[in-house]
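Structure, as structure tokens:
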Amino acid sequence: MGVIRQILRLVLGNGRNVVRDTVEVFRENAEAGAQRGAEAQAQAMAQFAAEFAQSQPSRFDRFIDGVNRLPRPMMALGTLGLFVAAMVDPLWFAERMQGIALVPEPLWWLLGVVVSFYFGARHHRKNQEFRRDMAITMARAPEVMNNLDRLRDMRAVEPAAANLPMQDNPALEDWRARRGR
């Protein structure tokens, strides 16, 4: 018994686990890593909360938010305006299109990049919102399935409810009489 105790003391140390301490030199302790990650996440969230803790956005923030909302409606309304202009005054429209034909190709590429980044960022944000909404919906799936099962059970328990005599319905009887039933 004494030899086994000596070996265990050598391996496990006095209240310490030598094997664990040795392994942690080569591989991170998953629990400690998760703890550090949670602390870092909490600190980042606290920093973000401190940044956006203003109770009311400033006038400048409201102005910039308003400016950021302009490009999509302006592009949509501008495109519709071009269609209306082409129908109302075709010569005026043709003159403007001749001017657009003179825009150099690199400028078109630049416009494409700007529009792609603008709408790409919006698409990415909407995609993230869609994924979040899908996760919420999928989390509710068991509840929906349970409700469907309960509804099906109700149908199976009370089938006689469908065979109850109907009250007199003169319109229905008149319709049946006209159809010859």
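Charges only on Cβ, +1 for Lys and Arg, -1 for Asp and Glu: so what's the dipole of region 103-156 about the Cα centre, in debye to the nearest 20?
My answer is approximately 180 debye.
Grab the DSSP H runs of the chain that are 4 residues or longer, score each as -39,500 (n - 2.57), total them, divide by all residues and round the 222 nm result to the nearest 500 deg cm²/dmol.
Taken over the chain, the calculation gives -27000 deg cm²/dmol.
For the chain, with the dipole built from +1 on Lys and Arg beta-carbon atoms and -1 on Asp and Glu ones, taken about the Cα centre, which of A49, A101, N147 lies farthest toward the positive end?
Projecting each Cα onto the dipole axis, the largest value belongs to N147.
Rounded to the nearest 0.05, what FRET efficiency do N127 and Q56 have when you use their Cβ-Cβ distance and R0 = 35 Å?
0.70
Rounding to the nearest 20 debye, state how big the charge dipole of the chain is about its Cα centre with +1 on each Lys and Arg Cβ and -1 on each Asp and Glu Cβ.
Roughly 440 debye for the chain.
A short reminder: the numbers here are calculations on the coordinates, not readings from a lab. Just so we're clear, the structure is a prediction, and the values are computed from it rather than from any experiment. Cβ coordinates were reconstructed from backbone atoms using ideal geometry, including for glycine residues, and neighbour counts include every protein chain displayed.
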